[in-house]
Each structure stands twice: as structure tokens, then as C-alpha cells.
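Just below is one structure, and these are the notes that go with it.
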Amino acid sequence: MRLYLRTFGCRANQYDSEAVRAMAEAAGATLVDEAAEADVAVFNSCAVTAEAEADLRKAVRRAARERPGLRTVVMGCAAALPRAAGDARDPAALPNVVAVVPGADLAGVAAALDLPPAAAGVVATAQSGARALLRVQDGCDEHCTFCATTMARGAARSRTVDALVDEARRLAERHPEIVLTGVHVGTYGRDL
């Protein structure tokens, strides 16, 4: 399988895309730089602004024009937002979209890509950038009126220190710098 992977949004989304990349490569997929070269595309969406969602829709439509038989999976924040039937912003209504996977559900992405279920458990030991990303927490409890993050990412959840240290050690073997990321990093540990 030739996979095109495109990420919109924050470093948390970039971290999720690295997990998808590692999972797909471990299952034998080859990553390609252009949608026109791919069999399947994964678009990791952002919902912070209406413009971010518009950029996603534009990119999915462009990919469908470039490669009419392309199977497309939309994941991420825009994929997690509830949409009414017929809503033009619904990623499922875009051309060639075969699956909409809310958030960073790796098992859901693996299923949408027809990868074995065990692929969702693959942990990235190296990332594509010079700096590795390490997500320490996900979600937010603030419920700001202007932000859809709570709906898209759910409640704040911190990763355990042991899991973080283990992943950081593996990443440090190949990356000189690790950037800590999350949706609301300042709340790390409140739920532990």
C-alpha cells in the first residue's frame, strides 16, 4: 500500500500523524509525498478555526481530483466534531472518503486502512522530523466558548511518568531534541 499522510493543525496532531506513519510502515506501507502517487490517503484534521476545516476540505477535494480512485481516511479533531445530517462541513461528505475516525483512534485508523489490529500497538521509535514530539497529555477541561477542542479531544488525560520516560528514552536514541506537547500541557498531572 502506498500511503499519503497530511497533517493540519498543532503539534498534538503532528504527534498523532507520526503514530500513524509508524503503524503503517510497520505493516509494510510505503509513504509517498503526493496524493497522486497513493492508494490511500490519511488526512489528520484540525478544528481550531473554520479556516482550518476549509483547508482540510480543499485538500481532500484536490487529492480526489488528482487521484480519482484514492481511498481517503479523515481523522483528527474535525473528524471528532458532531455534525448534523447534510452539514457541508461533514468530512464524510467529501469525495473518496471511506472512513472518518474521531481524534487519534489508532485502532480505528488501522481498521480503515485494512491493517492488522496489532498494528495499532506499534510505538514510534523514530519520527520524521529532526525534533521528536512527545505528547504528555491530551484533551482539555476548560470549555472556552470559542474553542471546539473539548468536544474534539475530550477531557484532559495525562500520560503516566513511566510511559513518558520509556518513550522519551526510545526517541532520544535517534533524536537530539524532544519537544513536549499536548492540548493543554499546563494541566499535566492534575488527573493522576
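Under 20 Å from a point 7 Å along the Cα-to-Cβ line of Asp166: which residues of segment 110-130 have their amide N that close?
117-127, by backbone N distance to the label point.
Where the only charges are on Cβ atoms (+1 Lys, Arg; -1 Asp, Glu), what is the dipole of segment 100-192 about its Cα centre, to the nearest 20 debye? Kindly include the intermediate steps, with their values, before the conclusion.
Values: 9 positive and 11 negative charges, 34 e Å.
It works out to roughly 160 debye.
So for Ser17, Ser128, what's the accessible-area order with a 1.4 Å probe, most first?
Numbers: Ser17 5, Ser128 90 Å².
Descending order: Ser128, Ser17.
Could you pull out the GluC sites (Glu not before Pro) across segment 142-175 that fall in loop regions by DSSP (anything but H, G, I, E, B) with no more than 10 other Cβ atoms inside 10 Å?
Those satisfying the criteria are Glu173.
Could you list the trypsin sites (Lys or Arg not before Pro) in segment 66-159 that lie in coil according to DSSP, counting only those with at most 11 other Cβ atoms within 10 Å of their Cβ? Kindly include the intermediate steps, with their values, before the conclusion.
Numbers: sites: Arg71, Arg83, Arg89, Arg131, Arg135, Arg153, Arg157, Arg159; in loops: Arg83, Arg89, Arg159.
Passing both the DSSP loop test and the Cβ count: no residue.
Using the crude model of +1 on Lys and Arg Cβ and -1 on Asp and Glu Cβ, and no other charge, please compute the dipole size for the chain relative to its Cα centre, in debye to 20.
260
Just the accessible area for Thr145, please: 1.4 Å probe, Å², rounded to the nearest 10?
About 140 Å², rounded to the nearest 10.
Per residue, how large is the accessible surface of the chain? Use a 1.4 angstrom probe and give square angstrom.
Per residue, the chain has 49 Å² of solvent-accessible surface.
Give me the percent of accessible area attributable to carbon and sulfur for segment 56-192, probe 1.4 angstrom.
For segment 56-192, the apolar C and S fraction of the accessible surface comes to 55 percent.
Amide H of Asp141 versus every other amide H placed in the peptide plane: which residues, excluding those fewer than 5 positions away on the same chain, fall under 5 Å?
For Asp141, the qualifying residues are Ala156.
Using only the alpha-carbon atoms of the chain as identical scatterers, what base-10 log of I(q)/I(0) does the Debye formula give at q = 0.19 Å⁻¹?
-1.38
With +1 on the Cβ of every Lys and Arg and -1 on the Cβ of every Asp and Glu, and nothing else charged, how large is the dipole of segment 80-153 about its Cα centre, in debye rounded to the nearest 20?
Once rounded to the nearest 20, the dipole reads 200 debye.
The values are calculated or read from the model by the stated rules, or taken from the named source; none is laboratory data. From a predicted model like this one, the values you see are computed outputs, not experimental measurements. No Cβ is skipped: glycine too gets one built from the backbone with ideal geometry, and neighbour counts run over all protein chains shown. For accessibility, only protein heavy atoms count, side chains too; no ligands or nucleic acids. Shrake-Rupley method; radii C 1.70, N 1.55, O 1.52, S 1.80 Å.
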